[in-house]
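First up is the structure itself, then whatever we jot down about it.
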Amino acid sequence: MRGLFFPACATLALMAAPQTGLAAPTRSAPVAQPIASTIPVAQDIAWPGGTMQLEVDATDTERRILSVRQTIPVKDGGPLVLLFPDWLPGQHAPRGQIEKLAGLRFTVDGQPIAWRRDPLDMHAFHLALPAGSRTVVAHFQFLAPTVGNQGRVSMTDSLLNLQWNNVSLYPAGYYTRRIPIQARVTLPKGWTAATTLKSTREGDTVSYEATDYETLVDTPIYAGLHSRTIDVGNDAQLSLFADTPDELQPTPEQIAAHRKMVAEAVALFGARHYDRYTFLLSISDTLGGIGLEHHRLSENGVQPGYFKRWPEALGDRDLLAHEFVHSWNGKYRRPELLWTPDFKTPMQGDMLWLYEGQTQFWGYILSARSGMMSKDETLDMLATIAGRLDLVRGREWRPLTDTVLDPVISARRPKAWVSWQRNEDYYNEGLMIWLEADAIIQRETNRAKSLDDFAKLFFGMNDRDWGVLTYKRQDIVAALNAVVPYDWATFLQDRIDRTTSEVTKAGFTLGGYRLSYGVLPNKAIAAVEAADNLVDQSFGPGLIVANDGTVQSVIWESPAFKAGMTVGSKILSVNDMDFTPQRFRDAIAGTLTNKKPVSLIVKQDKRYRTIPLAYSGGLRYPRLEKIGEGPNSLDRLLTGRTGGTPLN
Ligand SMILES: [Zn+2]
């Protein structure tokens, strides 16, 4: 990469270079050999040093500095490599925030010792321990983001999401499940902490039960000033944290819906892969949002209003179900190349269309079955998902199987032309594939079976075992065939491995519905427009505009694309009047009758342009329309399995 400045001496050197005429061109001589990386590969053997002790001081909430003291007992001297976790489960990509580690120093049996970072792996630190060494102590800080452009805000004046991978190191050369550790955290005065690990408390210091390093990283904590714990049955609890106590007051019906969601999930899978389960849920606009799965816990972060403005929070209401399903799909059953022995080995997400795609599917289905979402809301969500996927022209060049690499390729950075580049489409396109699979199973078995049978067979074995059971693609095909014989291998190949012109909507049509378009926004789009302050005209002229006129998305080859509009430009006027969201909507609606282009004045950087937006389709929003009489397979799919009346 090119640096910011050319040093002045380089220019002088060029000017002073002798004219060598026909002499051979000068080439620099090698001055140093690259230092080879010498990080031991993880082995399935016990760390011989004994239990590491981790102490985290989390009291500096104003400056958001986490101070760490970690004691690592060792057996003897020699080389030791300590690693900062990089490849993190659930992230599907290397996301270790090594740049936030600072102030690193080590002592060995009380004496300072030098460290050297590995030249090839920025997350590895080499130490040369003197003979007879007994204890290495590491001191460092994790400088949590003070604003969002430094990364997700994980610490505020009243909330903390402590992920142990940010505040600990581990010795290279051992499976992380073979490295014992005990963690302790000191909290600000009066704060409460929650996680699934058992703990004891002395003053403001919470000590967690000794565990292995893999489990510790899989069991983060939430802590804060305002919190509440609610039992939701089946050994699961909601641990709520918020900026203000008024966000912690769910209605009895809302609690009942969460309880039913848990019960529906347990009924679906038929076995549990946890002894106890904690939904960590922050309701905050200061702590960064999150949805991250763990085996016996999930980290969930939503905006204020989750309980107080329930109808507007529609976009967040499948989150807990999604992350809970991961306890089965993703944590217990894991694609074999996504399981790694440590947090250094790269993961391969080649089956994320099951890991995430079917989790996305069950997240919505369980939300509908439990009343976390009404049936109408769920149908509107599904219509919106399918409508958006229909706008993804990138499907023509990039098969779904390639999008599983998007977490590594894009790391969720914003994109200029997402409908052409594609995104992490294995979530929602995976959902559409599993919706079709359910409809096929129901059809082929005369309604006797459904995708529920696959879920029970594939995820629901070995009750209370919370190890990891890996699988290959042929195991998925075999389980589908065990539910009902069908050419499932080709079914998956056609939808996942090949480029396609259109996302499958057979789950709708076989299920008794069809995707159609109308002039009124459905509940899902209305909720997003209200929550995110924007106008979503993706399905008509092909753009999303913030309420201040800033263009947030332009659909590839849409009328807006053809008119030359881009993300980041700003609409200043609509048909010669100041831009307002309503005026923009009205102008789009008017095209249906006046058949005239909408005249926009658009500012991009310093340039103003008048753009005629050639479009005459009016307002256009997706919805599902029932075809045929009586309940069909999609209706059956959305019906609760545990009895009782859903909330909505
Ligand atoms: Zn997920």
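For segment 231-243, state whether one or more residues are assigned to a helix (DSSP H, G or I), open to solvent by 10 Å² or more (accessible area, probe 1.4 Å) and at pLDDT 95 or above. Don't jump to the end; show me each part of the working.
To start, the set of residues in segment 231-243 that are assigned to a helix (DSSP H, G or I) comprises none.
Taking every residue of segment 231-243 in turn, none turns out to be assigned to a helix (DSSP H, G or I), open to solvent by 10 Å² or more (accessible area, probe 1.4 Å) and at pLDDT 95 or above.
Taking the criterion of being open to solvent by 60 Å² or more (accessible area, probe 1.4 Å) and not in a loop (DSSP other than H, G, I, E, B), the residues of segment 388-406 that qualify are Arg388, Arg393, Glu396. For segment 319-338: of the residues being in a loop (DSSP other than H, G, I, E, B) and among the aromatic types (Phe, Trp, Tyr), which is surrounded by the most Cβ atoms within 10 Å (Cβ to Cβ)? That would be Trp328. So, His123, is that one within 29 Å of the chain's Cα centre (by Cα) and on the phi > 0 side of the Ramachandran plot or not? Spelling it out, it is not the case that His123 is within 29 Å of the chain's Cα centre (by Cα) and on the phi > 0 side of the Ramachandran plot.
The single condition from (1) within 16 Å of the ligand (Cβ to nearest atom); (2) open to solvent by 60 Å² or more (accessible area, probe 1.4 Å) that Ala93 fails is (2). Apart from one condition, Gly291 fits all of (1) within 12 Å of the ligand (Cβ to nearest atom); (2) within 24 Å of Arg473 (Cα to Cα); the exception is (2). The residue that is most open to solvent (accessible area, probe 1.4 Å), among those in segment 251-288 that are out of contact with any strand residue (DSSP E or B) (no Cβ under 7 Å at 6 or more places or on another chain), in a helix (DSSP H, G or I) and under 28 Å from Leu162 (Cβ atoms), is Arg259. I'd like to verify a number: residues in segment 294-320 that are within 11 Å of the ligand (Cβ to nearest atom) and in contact (Cβ under 8 Å) with a residue 40 or more places away in the chain, how many? Final tally of qualifying residues: 2. Of all the criteria given as (1) within 16 Å of the ligand (Cβ to nearest atom); (2) touching a Pro at 6+ places or on another chain (Cβ under 8 Å); (3) over 27 Å from Ala144 (Cα atoms), the one not satisfied by Leu280 is (3). For segment 571-603, the tally of residues that are open to solvent by 60 Å² or more (accessible area, probe 1.4 Å) and within 30 Å of Arg395 (Cβ to Cβ) stands at 2.
Note on segment 480-535: residues that are farther than 30 Å from Asp316 by Cβ, touching a Pro at 6+ places or on another chain (Cβ under 9 Å) and of a type in the set (D, E, K, R) total 2. Between a first residue in segment 138-163 that is over 20 Å from Ala193 (Cα atoms) and a second residue that is open to solvent by 70 Å² or more (accessible area, probe 1.4 Å), which pairs have beta carbons less than 8 Å apart while being 6 or more apart in sequence or on different chains? Filtered contacts from segment 138-163: Ala138/Arg69; Ala138/Arg105; His139/Arg69; His139/Arg105; Phe140/Arg105; Thr146/Arg63.
Selection of segment 363-406 for residues being hydroxyl-bearing (Ser, Thr, Tyr) and within 17 Å of Arg620 (Cβ to Cβ) yields only Thr384. So for segment 558-569 (the condition being over 18 Å from Ile601 (Cα atoms), in a strand (DSSP E or B) and under 30 Å from the mean Cα position of the chain (by Cα)), does at least one residue qualify? Looking for residues that are over 18 Å from Ile601 (Cα atoms), in a strand (DSSP E or B) and under 30 Å from the mean Cα position of the chain (by Cα), one finds none in segment 558-569, hence no. Under the condition of being within 20 Å of the chain's Cα centre (by Cα) and in a loop (DSSP other than H, G, I, E, B), the residues counted in segment 295-316 number 5. On the stretch given as segment 359-373, residues that are away from the ligand (no atom under 16 Å from the Cβ) and farther than 11 Å from Asp316 by Cα total 4. Within segment 407-432, the residues that satisfy the criterion of being open to solvent by 60 Å² or more (accessible area, probe 1.4 Å) and either part of a helix (DSSP H, G or I) or small (Gly, Ala, Ser) (or both) are Val408, Ile409, Trp420, Gln421. Taken over segment 127-184, the residue count meeting the criterion of being in contact with a Lys or Arg (Cβ under 6 Å, 6 or more places away or on another chain), hydrophobic (A, V, I, L, M, F, W, C) and open to solvent by 40 Å² or more (accessible area, probe 1.4 Å) is 1. Annotation: of all residues in segment 616-627 being open to solvent by less than 50 Å² (accessible area, probe 1.4 Å) and touching a strand residue (DSSP E or B) at 6+ places or on another chain (Cβ under 7 Å), the one that is farthest from Pro521 (Cα to Cα) is Ile627. Please give the number of the condition Gly270 fails out of (1) in contact (Cβ under 8 Å) with a residue 40 or more places away in the chain; (2) within 16 Å of the ligand (Cβ to nearest atom). Just one mismatch for Gly270, condition (2).
Picking from Thr59, Thr146, which residue would you name as being of a type in the set (Ser, Thr, Tyr) and part of a loop (DSSP other than H, G, I, E, B)? Break it down into steps so the answer makes sense when it comes.
Numbers: Thr59 fails: part of a loop (DSSP other than H, G, I, E, B).
Result of the check over Thr59, Thr146: Thr146.
The values are calculated or read from the model by the stated rules, or taken from the named source; none is laboratory data. Everything numeric in this text was worked out from a predicted model, so none of it was measured. Reconstructed Cβ throughout: ideal geometry from the backbone, glycine too, with neighbour counts over all protein chains shown. These accessible areas exclude ligands, DNA and RNA; they are computed on the full protein's heavy atoms, side chains included. Shrake-Rupley method; radii C 1.70, N 1.55, O 1.52, S 1.80 Å.
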